[in-house]
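I have placed the structure first, in the form of structure tokens, so that the comments after it can refer back to it.
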Amino acid sequence: MSSSPLSIQSLTHRFEAGTVNEKLALDRLSLELPAGQFVTVLGSNGSGKTTLFNTILGKLIPDEGRILLDGEDITRQKDYKRALNIGCLYQNPLRGTAPDMTIEENLALAYTRKASRSFFAVNRRDNRYFRELLAGLDMGLENRMKTKMGLLSGGQRQAASLLMATIAQPKLLLLDEHTAALDPGAAEKVMHLTETIARRDHITTLMVTHDMDYALRVGSRTIMLDSGRIVMDLSGEERARMTSGALAELFYAKGKR
Amino acid sequence: MTMLNLLIAALSQGMLYAPMALGVFVTFRILKTPDLTVDGSFVFGMTVCAAVTIAGYPIAALLCGALADALAGLCTALLQTKARIEPILSGILVSTGLYTVNYAVLGGQSNLYLQREVINAQGAAVNESCPTVYRMFGKLVKPMGGLMKDANLQTLLLTLAIVAVLTALLAVFFFTRPGMAIRATGDNEEMVRSSSINADRMRTCGVMLANALVAFSGALLCHQQRYADMNCGNGMLVMGLASVIIGQVLGGRRGVVAGLLSAVGGSLLYRIVLQLAYRLDMPSYFVKLLSTLIVILALTLPRLRGAIAKRAKKEGARA
Ligand SMILES: Nc1ncnc2c1ncn2[C@@H]1O[C@H](COP(=O)(O)OP(=O)(O)OP(=O)(O)O)[C@@H](O)[C@H]1O
Ligand SMILES: [Mg+2]
């Protein structure tokens, strides 16, 4: 069988099946990701991107189809169990962090997956590692480790969330418009960090974005979803020649059908 | 009674109810989900403690009361996490069910004194009161004489020691991995699940802990007043809330340790307020309304303050 980290086979999901509101959100969608590949995902509103992520994360059990992570069938596995190997980040920076807990406590909690046993959750050995990671963000957070997460700005929180999502070297990273709520400067910074971390740890990544520039510039492959199906799959030469203008035209053409 | 005596009486009551305030703190402030099992679990701790004390095991009785209620908490938590019943309703359901259980534990009556029948030297059946932790402690310290002969002071000292140990243990626990995961579950459950931690299990542990704490208060009170009564749990939740909120007004919202300490402090202050109100001839049945008013006031105060500040600003602009 395939040894790719993520293999999605003929995934189908209907919302409110059997009612007048029935909505086919995923339509026999199949997708193979080679190890370490960074894929950007385009698609108009309601095309099924978040639904796809939710089935991979286990927040939603698909009607049909299979999801394999490193050869293991996780289609029906509990969400928190598969989270051992999957990191995720959403548009809203508030979703990934606990506001009433300190930065170091947040990191320690995310690190629970891979940390060695210790009586106290926050300890000196792990803290040295956290400090290094935070210093890499270049936001001065390494000196504010006892600050409550809720006091940080959206950009800082999203950067911290990114660290938390990748702190345990996941096999797969899912990013759902994770820079959309940030100002251009912060968005650029978080995007740069995302690429750096994914490359450094060789993490297979799916990134949803509505920004044509990012879609082409970041990663090595771009797919487009429409009505729950993949209607475009660009990589290599073809992708290198594509311009964001041409991509935008394609986007509207595919969307109109 | 002198002022000092009154103060000691108030403080010893406050200490007895402190574990309950800690339990309410765990659900309201840490899990951020109100748990309405409290009224039932307080009595459950009391009844189980009474039964085991009468069987002759006073120290085990306190622990049994707490453990039994951890199970009641487990029921509430399972209703919340597995049956997906609203947390508020889950608590009410278990609390109502406990009413029957409590009656059964008391042998089908609504109260039970800590005494048992023994045959005396003359061959007659007489009631002998059972040993309690407060009796045992009293025997230990009475020979010291002086103030130590005061029963209220004895109660205060022993309960203070117990509550101090309990608070310290809790403070440490909430910085261990499971303890921190429980805090995080109240703060952002989704993030806990994304960190590959079973949030339902953490919530369950938290609710069990909270109920054990509430029951422990019931058990201590049972030993102190030497009887268990079905009516002791009425309005307990609101009293616990009042303590937690008073503590918060004093201690602010700074962290777990500060939170735990202010819950205990709130419980003490609450009893002092009640003592003062009694001094001003407040009838004892007024307690519940007073507690309710305190809670309502404390909950609306921040909003009220905001509104007043806004108006002041407007007036200032006009001037
Ligand atoms: N819980 C739900 N119940 C019913 N329909 C839903 C539900 N969630 C999503 N849908 C529908 O499924 C379709 C796909 O939604 P999805 O959220 O996956 O879109 P998306 O590609 O993420 O869009 P966006 O770019 O706006 O985030 C939409 O038509 C949406 O209305
Ligand atoms: Mg979406």
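The table below gives the values:
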quantity	calculated
Neighbour-limited loop hits for chymotrypsin sites (Phe, Trp or Tyr not before Pro), the stretch B:216-310 (at most 11 other Cβ within 10 Å; DSSP other than H, G, I, E, B)	none
Alpha carbon Rg of the stretch A:164-234, scaled by the compact-globule rule 2.2 N^0.38 Å	1.13
Rough spin-label spacing in nm, given labels placed 7 Å along Cα→Cβ, for B:Tyr113 and B:Arg303	4.9
Percentage relative contact order, the stretch B:1-127, counting C-alpha pairs under 8 Å, at least six apart	24
Cα pair distances in the stretch A:109-257, grouped into 5 Å bins until the bin that holds the longest one, percent each	2, 8, 16, 18, 17, 13, 9, 6, 6, 3, 1, 0
28 Å Cα-Cα threshold exceeded, pairs from B:Lys139/B:Lys288; A:Lys23/A:Lys59; B:Lys32/B:Lys288; A:Lys49/A:Lys189; A:Lys148/B:Lys32; A:Lys59/B:Lys32	B:Lys139/B:Lys288
Inter-chain Cβ neighbour average for residues B:195-202, partner chain, 10 Å	6
Cβ neighbours within 10 Å from other chains - mean over A:88-97	2
Value in Å of the Kirkwood radius, where the protein assembly as shown supplies the Cα pairs that are averaged	27.3
Sorted largest first, extent of the stretch B:163-319 alpha carbons per principal axis (Å)	57, 49, 25
For the stretch B:99-177, the spread of Cα positions along each principal axis, largest first, Å	57, 44, 18
Accessible area (Å², per residue) of the protein assembly as shown, counting only protein heavy atoms and a probe of 1.4 Å	46
Residue-by-residue Karplus 3J(HN,Hα) for the stretch B:171-186, coefficients 6.51, -1.76, 1.60, Hz, glycine and proline x	4, 5, 3, 6, 10, 7, 4, x, x, 5, 5, 5, 4, 5, 4, x
Contour minus Cα-Cα distance for B:Val257 and B:Met3 (0.36 nm per residue)	88.3 nm
Three principal axis lengths of chain A [C-alpha, angstrom, descending]	56, 39, 38
Distance (nanometres) between label positions extended 7 Å along Cα→Cβ at B:Asn120 and A:Thr243	10.9
Accessible area that becomes buried as B packs against A, both chains, 1.4 Å probe, Å², nearest 100	2300
Percent RCO, i.e. relative contact order, over the stretch A:170-257, from Cα pairs under 8 Å lying at least 6 residues apart	24
Relative contact order (percent, whole number), chain B, Cα cutoff 8 Å, 6+ residue spacing	33
Crossing angle, helix B:199-225 versus chain B [Cα axis fit, 0-90 degrees, rounded to tens]	40
For A:Leu26, distant residues with modelled amide H under 5 Å away	A:His13
Approximate spin-label separation A:Met232-B:Ala312, in nm, with each point projected 7 Å along Cα-to-Cβ	5.8
Mean projected area (nm²) of the alpha-carbon convex hull when the stretch A:76-157 is viewed from all directions	6.2
The stretch B:148-202 - percent of accessible surface contributed by carbon and sulfur, probe 1.4 Å	71
Radius of gyration and Dmax over the Cα atoms of the stretch B:1-58, both given in Å	15.3, 42
Unit Cα scatterers, Debye sum, the stretch A:1-52: log10 I(q)/I(0) for q = 0.24, 0.25, 0.30 Å⁻¹	-0.99, -1.04, -1.20
Net lengthening on full extension, A:Asp183/A:Leu151 (0.36 nm per residue, minus Cα-Cα)	9.8 nm
In the stretch B:70-116, trypsin sites (Lys or Arg not before Pro) in a DSSP loop with at most 13 other beta-carbon atoms within 10 Å	B:Lys82, B:Arg84
Within 10 Å of each Cβ in B:179-185, the average number of Cβ atoms from other chains	5
For chain B, the fraction of alpha-carbon pairs in successive 20 Å shells from zero, as %	30, 55, 14, 1, 0
Rg(Cα) / (2.2 N^0.38 Å) computed for the stretch B:234-319, rounded to two decimals	1.35
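The values are calculated or read from the model by the stated rules, or taken from the named source; none is laboratory data. Model, not experiment: these values are computed from the prediction. Quick reminder, even Gly has a Cβ in these numbers, built from the backbone with ideal geometry, and neighbours come from all protein chains shown. Surface areas here come from the heavy atoms of the whole protein model, side chains and all, with no ligands, DNA or RNA. Shrake-Rupley method; radii C 1.70, N 1.55, O 1.52, S 1.80 Å.
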